[in-house]
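Engineer: Shown below is the structure under consideration.
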Amino acid sequence: ARAQAVRPDFAVTSENAAAVAAICARLDGLPLAIELAAARSKLFSPQALLDRLPNRLALLTGGARDRPARQQTLRGAIAWGYDLLTPAEQALFARLAVFVGGCTVAAAEHVLQEPWAADSDPALRTVDGLRELADKSLLRAGEDAGGESRVGMLETIREYALERLGERGELATGRQRHAAYYLALAEAAAPALGGQDQATWLARLAADHDNLRAALGWLLETGDLPAAARLAAGLWRFWDQHGHWSEGRRWLATILARGADLPAALRAPVLLGAGLLARVQADLPEAQACAEAALALYRALDDRPGCAAALDGLAWVALTAGATARAAALSAESLALFRELGDRRGIAASLNHLGWVALEQGDPARAAACYEESVTLCREIGDPIGLARALNNLGEVARVRGDDARAAAFFQERLELARAGGHRMGIAAALHNLGQVARHQGAYPAAAAYFRESLALFRELGDRQGMIECVAGLGGVAAGAGAAPRAARLLGAATALLAAIGAPLQPTDRADYERNLATARAGLDEAAFAAAWAGGQALSLAQAIAEGGSMVPGIDC
């Protein structure tokens with residue numbers, strides 16, 4: 001309605017609806033801001049307007065002339081409220097702008113605990129000051145998922161507050177204090193991400209992820225690479241467990257590129273994190289190069305825990321690449337080091353890799369023994385993600401032994417643990433494995449639903465190998481449902497796509513793949529199979545996902 005007041009032919013259409021919705025979201029749903037944006041529709045399309053919104057306050061001017069001056073621009077509306085604050089409240093309002101996405105009350109008090117300037121007022125550091133700003137609608141107060149008190153500004157208001165902070169000459173001081181606080185938070189969280197308080201720390205880092213990003217950005221902007229390396233080293237396990245792989249890799253790569261002269265003790269953990277995140281995304285050459293570089297630095301430092309972690313990471317890369325003998329040697333070496341160090345979390349991780357080696361070598365009994373010891377250790381130390389991984393692997397052993405019911409029980413327990421911890425990769429993997437069991441049992445609609453849900457999560461996470469394995473699973477569903485041409489195409493696509501990234505199927509998936517391929521081949525004559533297979537091998541990942549994701553067994557497959 002406001003846009004039509006200045007442009008009568010304006011309408012929300014399928015082409016501009018997404019931009020209109022994004023404008024409203026970017027303006028925090030503020031009615032005045034939305035009205036001022038709509039008034040610009042005479043000059044800009046919704047998409048063009050959206051592109052100009054990063055500088056909201058400069059763009060949103062020119063409201064109705066019959067309104068008070070303070071309501072004719074968004075800046076004027078906020079300035080009117082700001083001018084009513086006491087000097088102490090104005091200072092607090094400006095200084096709180098360094099927080100992105102809000103913060104805990106404890107964080108606000110900590111960052112403001114020392115005078116920023118000669119005119120600092122102790123009242124700025126009190127909860128009463130925060131309450132006054134909330135009462136004046138310049139600050140929002142609430143609680144996070146863990147029940148801790150948080151405060152924050154609408155992003156539009158924070159932009160105005162940052163301007164005021166700059167005018168006070170305190171922007172650099174504020175961002176430096178902010179970065180120091182979140183560096184300490186990340187370093188405190190890192191050792192806890194494998195223990196009993198893992199879920200609490202993951203949730204806390206997730207709630208402050210925008211602040212952590214801002215701190216990293218500031219440290220890189222100011223050239224403080226040692227602090228940036230420490231912060232990234234403290235965060236990469238969080239990035240891994242919450243599926244921020246691409247983002248984490250970008251941060252780590254930037255630090256490594258700029259920090260060639262970083263001390264080995266700082267560069268090694270950044271390399272290790274970069275290698276493990278690359279492995280998750282099936283970038284195996286990069287994963288191996290980073291992990292080997294980390295191992296060399298840890299050895300030069302005589303850092304035994306670091307060496308054990310790097311060896312374990314290299315074993316994981318070797319397993320992903322199908323280099324079973326190398327993986328066995330690396331896992332055995334890392335396990336021996338972890339046992340010497342008494343690192344039960346590391347022992348559990350190495351046992352998981354040795355179990356995978358045993359499955360590759362056709363020894364499910366030895367694999368089960370490794371996984372059961374890993375489960376016991378993870379329960380003892382309270383490591384839910386390690387426990388979920390070991391339970392999943394016991395499910396794989398059950399699949400190899402043909403015990404679908406037991407396999408499904410293990411996969412379901414893994415799914416519940418992953419959901420409870422918000423571990424999206426674990427959720428996606430458990431759904432994929434439940435799909436495999438359902439397909440093997442002939443429950444094709446259920447299997448397709450599991451694979452599609454898993455595929456959607458892997459796609460959000462950017463996990464190429466996970467997506468391809470779901471395509472292969474949907475190919476198996478098509479084969480079982482009697483849709484041989486679709487099955488041949490999807491299996492052909494999965495084969496080519498896995499070869500392109502150098503990642504073989506896991507042992508249990510490989511056996512299913514061979515059976516599904518034989519079923520598809522049996523349902524077609526030689527020429528028809530060859531044509532379908534060739535067509536599938538020519539598909540891009542996006543095309544294969546579209547074809548597999550739209551499949552409905554018994555209707556159009």
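The values are calculated or read from the model by the stated rules, or taken from the named source; none is laboratory data. Because the structure is predicted, anything quoted here is derived from the model rather than measured. Because the Cβ atoms are built from the backbone with ideal geometry, glycine has one as well, and the counts that use them run over all protein chains shown. Ligands, DNA and RNA are excluded from the accessible area calculation, which covers all protein heavy atoms including side chains. Shrake-Rupley method; radii C 1.70, N 1.55, O 1.52, S 1.80 Å.
Engineer: Compute the angle between helix 444-461 and the longest alpha-carbon principal axis of the chain, please, reported from 0 to 90 degrees and rounded to the nearest 10.
Structural biologist: 50 degrees
Engineer: Ok, one more. Placing unit charges on C-beta atoms (Lys and Arg positive, Asp and Glu negative, everything else neutral), compute the dipole magnitude of the chain about its Cα centre in debye, rounded to 20.
Structural biologist: Result for the chain is approximately 960 debye, rounded to the nearest 20.
Engineer: Under 1.5 on a/c is rounded, so check that first for the chain, then, if it is not, pick prolate when a/b is larger than b/c and oblate when it is not; a ≥ b ≥ c are the square roots of the alpha carbon gyration tensor eigenvalues.
Structural biologist: It is oblate, given that a/c is not under 1.5 and a/b is not larger than b/c.
Engineer: Can you tell me how much longer the chain between Asp51 and Gln4 gets when fully stretched, taken as 0.36 nm per residue apart minus their C-alpha distance, in nm with one decimal?
Structural biologist: 14.9 nm
Engineer: Could you check the spin-label model distance between Asp210 and Ala456? Points 7 Å from the Cα along Cα→Cβ, value in nm.
Structural biologist: Placing both labels 7 Å along Cα→Cβ, they lie 2.5 nm apart.
Engineer: Can you tally the net charge around Gly386? Count Lys and Arg as +1, Asp and Glu as -1, for every other residue whose Cβ sits under 15 Å from the Cβ of Gly386.
Structural biologist: Net charge around Gly386: -3.
Engineer: Another question, if that's okay. Summing +1 for each Lys or Arg and -1 for each Asp or Glu, what net charge is found among the other residues whose Cβ lies under 12 Å from the Cβ of Leu330?
Structural biologist: -2
Engineer: Working from Cα positions, state the angle (0 to 90°, nearest 10) between the long axis of helix 304-320 and the longest principal axis of the chain.
Structural biologist: Helix 304-320 sits at roughly 60 degrees to that axis.
Engineer: Shifting gears a bit: Expressed in nm to one decimal, what extension gain is obtained for the pair Arg401 and Gln361 from 0.36 nm per residue of sequence separation less their Cα-Cα distance?
Structural biologist: Here the answer is 13.0 nm.
Engineer: Once every DSSP H run of n ≥ 4 in the chain is given -39500 (n - 2.57) and the sum is divided by its residues, what mean residue ellipticity at 222 nm do you get, rounded to the nearest 500 deg cm²/dmol?
Structural biologist: Value at 222 nm, helices only: -23000 deg cm²/dmol.
Engineer: On a 0 to 90 degree scale, rounded to 10, what angle separates helix 17-26 from the longest Cα axis of the chain?
Structural biologist: Tilt relative to the chain: about 60 degrees.
Engineer: Let me ask something additional. Sum up the charges of everything whose Cβ sits under 14 Å from the Cβ of Leu262, counting Lys and Arg as +1 and Asp and Glu as -1, but leave Leu262 out.
Structural biologist: Here the count lands on +1.
Engineer: Please state the relative contact order of the stretch 248-332 as a whole percent: Cα pairs under 8 Å, 6+ residues apart?
Structural biologist: The normalised contact order for the stretch 248-332 reaches 24 percent.
Engineer: Below 8 Å, C-alpha to C-alpha, sequence gap of six or more: please give me the relative contact order for the chain in percent.
Structural biologist: For the chain, the relative contact order is 8 percent.
Engineer: Another one. Using the heavy atoms of the protein chains alone and a 1.4 angstrom probe, what is the accessible area of the chain per residue in square angstrom?
Structural biologist: 41 Å²
Engineer: Let me ask something else about it. Find which of Ala449, Pro504, Ala184 sits farthest along the positive direction of the dipole of the chain, computed with +1 on the beta-carbon of Lys and Arg, -1 on that of Asp and Glu, about the Cα centre.
Structural biologist: After comparing all options, I get Ala449.
Engineer: Cut-off 16 Å, label point 7 angstrom out along Cα-to-Cβ of Leu341: give me the residues of the stretch 184-207 whose amide nitrogen falls inside.
Structural biologist: In the stretch 184-207, the label zone of Leu341 (backbone N under 16 Å from the point 7 Å along Cα→Cβ) covers 190-195.
Engineer: Would you work out what percent of the accessible area of the stretch 235-331, with all protein chains in place, is carbon or sulfur (probe 1.4 Å)?
Structural biologist: The C+S portion of the solvent-accessible surface of the stretch 235-331 is 55 percent.
Engineer: Applying 1/(1 + (r/R0)^6) with R0 = 35 Å to the Cβ-Cβ distance of Thr376 and Ala511, what FRET efficiency is obtained, to the nearest 0.05?
Structural biologist: Once rounded, the FRET efficiency stands at 0.80.
Engineer: Something else now. For the pair Ala11 and Leu84, how long in nm is the line joining their label points, each one 7 Å along Cα→Cβ?
Structural biologist: Using points 7 Å along Cα→Cβ, the separation is 4.2 nm.
Engineer: If each residue of separation counts as 0.36 nm, what is the full-extension length gain between Asp224 and Thr254 once their alpha-carbon separation is subtracted?
Structural biologist: Taking 0.36 nm per residue and subtracting the Cα distance, the gain is 9.5 nm.
Engineer: Nearest 20 debye, what's the magnitude of the dipole of the stretch 243-296 about its Cα centre given +1 on Lys and Arg Cβ and -1 on Asp and Glu Cβ?
Structural biologist: The dipole magnitude comes to about 100 debye.
Engineer: Using the basic label-point model (7 angstrom from Cα toward the beta carbon), what is the Glu143 to Ala420 distance in nanometres?
Structural biologist: Result for the modelled spin labels: 2.1 nm.
Engineer: Sorted by mean Cβ packing within 10 Å, highest first, what order do the peptides 201-212, 295-306, 8-19 take?
Structural biologist: Packing proxy ranking, top to bottom: 201-212, 295-306, 8-19.
Engineer: Is the shape of the stretch 430-530 rounded, prolate or oblate, going by the alpha carbon gyration tensor and its root eigenvalues a ≥ b ≥ c, with a/c under 1.5 for rounded and a/b larger than b/c for prolate?
Structural biologist: oblate
Engineer: Hey, another quick one. Counting pairs of alpha carbon atoms under 8 Å apart in space and at least six apart in sequence, what relative contact order in percent does the stretch 365-484 give?
Structural biologist: Normalised by residue count, the contact order of the stretch 365-484 is 17 percent.
Engineer: Then there is this: Ignoring ligands and nucleic acids, what accessible area does Val20 show with a 1.4 Å probe (Å², nearest 10)?
Structural biologist: 40 Å²
Engineer: Give me the Å³ per residue figure for the convex hull around the C-alpha atoms of the stretch 180-331.
Structural biologist: 106 Å³
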